[in-house]
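To start, the structure itself, in structure tokens.
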Amino acid sequence: MKVEFTIPFAEGLHARPAAELVKICQKAKCDIEMTKEDITVNPKSILGILSIGAGKGDQISVELNGEDEEQIAAELQAFFG
Amino acid sequence: MTLINENLVVLGLEASSKEDVLTKMASIAAQQGKVNDVQGYTTAVLHRESEYSTAVGFGVAIPHGKTDAVTEPFLMFASVEPIDWAALDGGLVDLVFLIGVPEKEAGSTHLKILAALSRKLMKSDFRDGLRAVKTPQDLLQLLKESDIGL
């Protein structure tokens, strides 16, 4: 499944938000890919998350594929919400 | 804009702790005219560290602080003996990239530098290269050749 989010964090997706996002993604059993424009990364790695350089207001899409994808999508919704 | 030069590269920095590393790097940045308040900048960087470790895995940390103690954006590199950085993965850190950006530019410039570095740091060749350099010039050459986009 695919879900889309807008970055709500004033300083962008790094520091604490990045650390919290990696925590959610690392516990997921499903495969996850995160895309901003033409860059797609694995958000189970902190370097992956940092390397997309997402600032406040940027759109990112997340593709989840696996048994717990719905639960993880809901957690991401709460995280970015 | 040149973010980094050979005076902002320190190989084998001698330091006893993360705090010591950051204080020494901030002092060098101040000597190079990038920071006008060493104490203010060091405090901002350490405050940031206290909220969340900036260790990103693979023995690398990317500390930073947003404060107007920074006069112009800079990137600084230091290699150190492996040191505790309160990393989430529990690993020690031996490579440190310090980012300094004036507060008003913190959002965009900071993210751009962080993203460019992170993309390169995912590659083991690049990390091995950082550990193999013998001189500051070698480090600058490696950054240039890696087409890091800074």
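Using a 1.4 Å probe and counting only protein heavy atoms, how much accessible surface gets buried when A and B come together, both sides summed, in Å² to the nearest 100? That pair of chains buries around 1400 Å² in total.
The accessible-area loss of region B:37-72 on complex formation, taken against its chain alone with a 1.4 Å probe, reaches 20 Å² or more at B:48, B:51, B:52, B:56, B:66. Of B:89, A:38, A:68, the residue with the largest accessible area leads and the full order is A:38, B:89, A:68 (1.4 Å probe). Taking every protein chain into account, the accessible area of region B:6-143 amounts to 42 square angstrom per residue (probe 1.4 Å). Spacing of the modelled spin labels on residue A:4 and residue A:79, each 7 Å from Cα toward Cβ, amounts to 2.0 nm.
Evaluated at q = 0.19, 0.23, 0.25, 0.31 Å⁻¹, the base-10 log of the normalised Debye intensity for region B:102-150, with identical point scatterers placed on the Cα atoms, takes the values -0.66, -0.83, -0.91, -1.12.
Contact with the other protein chains removes 50 Å² or more of accessible area, compared with the isolated chain and a 1.4 Å probe, from these residues of region A:1-48: A:11, A:14, A:16, A:47. For residue B:134, neighbours were defined as the other residues whose beta-carbon sits under 14 Å from its Cβ, and their charges (Lys and Arg +1, Asp and Glu -1) total -2. Packing, taken as the mean count of other beta carbons within 10 Å per residue, orders the peptides B:41-49, B:129-137 from highest to lowest as B:41-49, B:129-137. For region B:6-143, the Stokes-Einstein estimate of translational diffusion at 4 °C and a viscosity of 1.567 mPa s comes to 87 µm²/s, using the Kirkwood hydrodynamic radius over alpha-carbon pairs.
Approximating the spin labels as points 7 Å out from Cα along Cα→Cβ, the residue B:135-to-residue B:46 distance works out to 3.6 nm. Shape analysis of region A:2-80 yields a ratio of the Cα radius of gyration to the Kirkwood radius, Rg/Rh, of 0.91.
The values are calculated or read from the model by the stated rules, or taken from the named source; none is laboratory data. Not measured: the values here are computed from a predicted model. Note: ideal-geometry Cβ built from the backbone for every residue, glycine included; neighbour counts use all protein chains shown. What goes into the accessible areas is simple: the full protein's heavy atoms, side chains included, and nothing from ligands, DNA or RNA. Shrake-Rupley method; radii C 1.70, N 1.55, O 1.52, S 1.80 Å.
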